[in-house]
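Student: Here it is, the structure in full.
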Amino acid sequence: MLFAVLMSKFLRSISFFAFFISILALQQQVAFADKVKFQADSLLIALQTASSDSLKAAIYLQLAKESALSDPVKSFEYISKGLQLVTEKDLLLRAELQMELGKRYRLMGNYTHAISNLLEALKVFESHQQQFKAGECYNAIGVTYLDANKPEEAIRMFQKALQIYQTLNQVRQVAKAINNIGEIYRRKGDWSNAEKHYQQAYELASKENDLHLQAVLLNNFGETHYKTGKYPQALSFQHRALQLSKYLKDTEGIAYSLIAIAQIYLTLQRYDSAAYYGQQGLTLAKQNNITYLIKDGLLVMKQVNALRGKVKQAMRYADSILLLADTIYNQDKSRLILQSMYQYELGRQQSQIELLEKERIINNQKLLNAELNRIVTYIVIAACVVIVSLLVHFLWQRQLYVKELARQNATLDAKNQELKMLNQTKDKLFSIIAHDLRSPLSALKNVLDMVDFDLLSPSEFIELAADIRHHLQSLLYTLNNLLEWAYIQIKSGDQLHQESVNISEIIAETVNFYQEVARQKEIHLVTRLADSLTAKVDKNHLRFVLRNLVHNAIKFSYPGGEVLIESLPEPGNKQVKILVQDFGKGIETSVMENLFSPAVLSSTGTAGEKGTGLGLMLCKEFINKNNGEILVNSQPEKGSVFTIVLQAG
């Protein structure tokens, strides 16, 4: 009885103590949030009364730092405004803004812009002997290289930062550098060395009361335990990191912990918990445009839905992963194109400099000759005739040289224009191969994977089969165009093999080729052919053009419609016409202007068929090479008529 009374008092004491601790923690959290809000509000008030652009830029920098964890998007806006206001004389302020901008670009996955801005800032800090800021730049560059999967470059940057911080006796920054070196060991799979560095960094962070670094290290501890199969310990570390990140209002840290917890629950086959945490993390990453966490979150949600048997949801997340990969690929491709344009512009400017240098030499030579003429005139008047003759000859030669130089410049400009067009065609082909050929194959692979793992029922497979068939039909047509074009280029290049070609035979061959495609869409192919009509044309070129026009007519016709192919002679029998007419979707007026250019985007057919936009451009090119003409007349929802005009054979 006495023991029970003592235990009851002891438990009440423990409960009161726990309640007291929670009240203190809550008060501390509220005080921290109020402090941050007060600082931000004070800065915004100071911004309204700032007397110079430099002072406003400095305030925007501080606002960016204050909101870096809680609102990365807002932080990016503050940095951009600060850079617009900063003056040329404020080099250190500009460098700090560029350093913060580089950090934001890293979160967005734009590593090229991140490294570029960080290197610009580092150059200024080192030239002004700002060692602490230089160390911060080295550390940020190392983190960017690490995210870009370049560990060797990353470790060099971290070691430079560590050396600077140790020299300056900056304990908190030393801890960050040691943690980053541990991160490299973790990514190499050296868990022992990774945890050793993490533990050393955690002790220093605790000593300095660096809560943000402690949260990062808790994430890292959780990751190492997860990789070594210690799932309960990993879950404990990630939950502790999540609570600390919420306390700090660290958006990236919260999203990272949520997705890491979802991955652990997924491994433990607790799918409901995995879906709950994964969806929260993915939403937060999307709201703040944190690219690498968006990718991780999409992957977790795809796996969760696939294992729960929710095939359609899994497919949607798989499509989102592909779309994100395409976005990154297009961003990379755009950066490569801009770099090529920059190199071209640099070469052009260099050519102009060389030309100006030549003109300067010529002008100097003219001055030298004039001075020589005066001296010779004073000395020997009799030599004037000879000197004038030499001068006339020199000027004539110079005129010839200038004309030749102008001709060479014109040739160079023409070659540059031709190269630009070839690059556009190359980019178009690469884009088709990278996107239009890859997407249907990826979709087919996903379905086959689901079949292998028995994730699709027969009814679901039949439902998806129709979409896959559309994808494969589009793939087959695109591949046929590319192979046909490549075959013609390899076989004949720019040379034509014109001959007298029977128009009716080529049309009959084309109609026979597309008869099954038309039948599947319930399209009736009708021909009206003039007897014994021939044209002087390259047979392969004409075959390619007719196949493209008939295919497009079927594509944009409505089921149950009709496609008419007609041949007839022109008055005088010097030309022949071939007409391909449909009565379907038609072409918008805004599209007609650039219909045959590489810039046009392919429209979707009446049954959802997709294309590349490459076919009509090549049709135009082939008909022009054969001294012919291709015309189009179309009205929306009334159909289109494509007319080929060729020389009679």
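Student: If packing is taken as the average count of other Cβ atoms within 10 Å, what order do 240-247, 588-595, 254-261 fall into, highest mean first?
Tutor: The packing order, highest mean first, is 254-261, 240-247, 588-595.
Student: Further, regarding this structure: Could you tell me how far the Cα centroid of region 51-124 sits from the Cα centroid of region 544-589, in Å?
Tutor: 58 Å
Student: Mind giving me the nanometre distance, one decimal, between the label points for S236 and D90, set 7 Å out from Cα along Cα→Cβ?
Tutor: 5.0 nm
Student: Continuing with this model, one more query. How far is it, in nm, from the label point at E562 to the one at M592 when both lie 7 Å from their Cα along the line to the Cβ?
Tutor: In this crude label model, E562 to M592 measures out at 2.4 nm.
Student: Could you give me the ³J(HN,Hα) list for region 556-573, computed from phi with Karplus coefficients 6.51, -1.76, 1.60 and θ = phi - 60°, whole Hz, x at Gly and Pro?
Tutor: Each residue's phi maps through the Karplus curve to give 9, 8, 7, x, x, x, 9, 10, 10, 10, 10, 10, 7, x, 7, x, x, 6 Hz.
Student: For region 531-600, what relative contact order do you get, as a whole percent, if you take Cα pairs closer than 8 Å and at least 6 residues apart?
Tutor: After rounding, I find 29 percent.
Student: Only counting other Cβ atoms within 10 Å, I'd like Y292, Y317, Y198 sorted with the fewest neighbours first.
Tutor: Fewest-to-most ranking of Y292, Y317, Y198: Y292, Y317, Y198.
Student: Follow-up. Report the extension gain between K249 and T112 in nm, rounded to one decimal, defined as 0.36 nm multiplied by the number of residues separating them, less their alpha carbon distance. Please report the intermediate quantities before stating the final value.
Tutor: Working: separation 137, 0.36 × 137 = 49.32 nm, distance 2.81 nm.
Here the segment from K249 to T112 would lengthen by 46.5 nm.
Student: What lysines does K638 reach when the alpha-carbon gap must be under 29 Å and sequence neighbours fewer than 8 apart in one chain are set aside?
Tutor: K521, K555, K577, K585, K610, K620
Student: Can you compute the modelled spin-label distance between A370 and F453, with each label point 7 Å from Cα toward Cβ, in nm?
Tutor: Once both label points are built, they end up 8.4 nm from each other.
Student: Work through the residues other than K150 whose Cβ is under 14 Å from its Cβ and net out their charges, Lys, Arg +1 and Asp, Glu -1.
Tutor: Computed value for this residue: 0.
Student: While we're looking at this one, here's another question. Under the 0.36 nm per residue contour assumption, what length would be gained going from the current alpha-carbon distance of K74 and K310 to full extension?
Tutor: Once the chain is fully extended between K74 and K310, it gains 81.3 nm.
Student: To continue, here is another question. Looking at the calculated P(r) for region 159-217, what percent of the C-alpha pair distances fall above 13 Å?
Tutor: Result for the distance tail: 56 percent.
Student: While we're here: Can you work out ³J(HN,Hα) from phi for every residue in region 144-153, in order, using Karplus 6.51 cos²θ - 1.76 cosθ + 1.60 and θ = phi - 60°, giving whole Hz and x for Gly and Pro?
Tutor: 3J(HN,Hα) across region 144-153, in whole Hz: 5, 4, 5, 5, 7, 6, 10, x, 5, 5.
Student: If every alpha-carbon in region 152-311 counts as one equal scatterer, what log10 I(q)/I(0) does Debye give at q = 0.11, 0.13, 0.21 1/Å?
Tutor: Taking Cα atoms of region 152-311 as identical point scatterers yields -0.46, -0.63, -1.34.
Student: Once the piece of chain linking I379 and K196 is laid out straight, how much longer is it, given 0.36 nm per residue of separation minus the C-alpha distance between them?
Tutor: My answer for the length gained is 56.7 nm.
Student: Pairs of alpha-carbon atoms within less than 8 angstrom and 6+ residues apart define the contacts here; what relative contact order does region 71-114 have, in percent?
Tutor: Normalised by residue count, the contact order of region 71-114 is 33 percent.
Student: Distance cut-off 32 Å, Cα to Cα: go down the list K74/K295; K56/K150; K89/K246; K81/K249; K249/K310; K150/K286 and report the pairs above it.
Tutor: Too far apart for the 32 Å limit: K56/K150; K89/K246; K249/K310.
Student: Then there's this: For region 88-146, calculate the relative contact order in percent as a whole number, restricting contacts to Cα pairs under 8 Å that are 6 or more residues apart.
Tutor: It comes to 34 percent, rounded to a whole number.
Student: Given R₀ = 45 Å, what would the calculated FRET efficiency be for Q48 paired with R172, taking r from the Cβ atoms and rounding to 0.05?
Tutor: Taking R0 as 45 Å, the efficiency between Q48 and R172 is 0.85.
Every read-out reported here was derived from the displayed coordinates using simple, explicitly stated rules and does not represent laboratory data. Remember, predicted model here, so these are calculated numbers, not experimental data. Cβ sites come from the backbone with ideal geometry, for glycine too, and all protein chains shown count toward neighbours.
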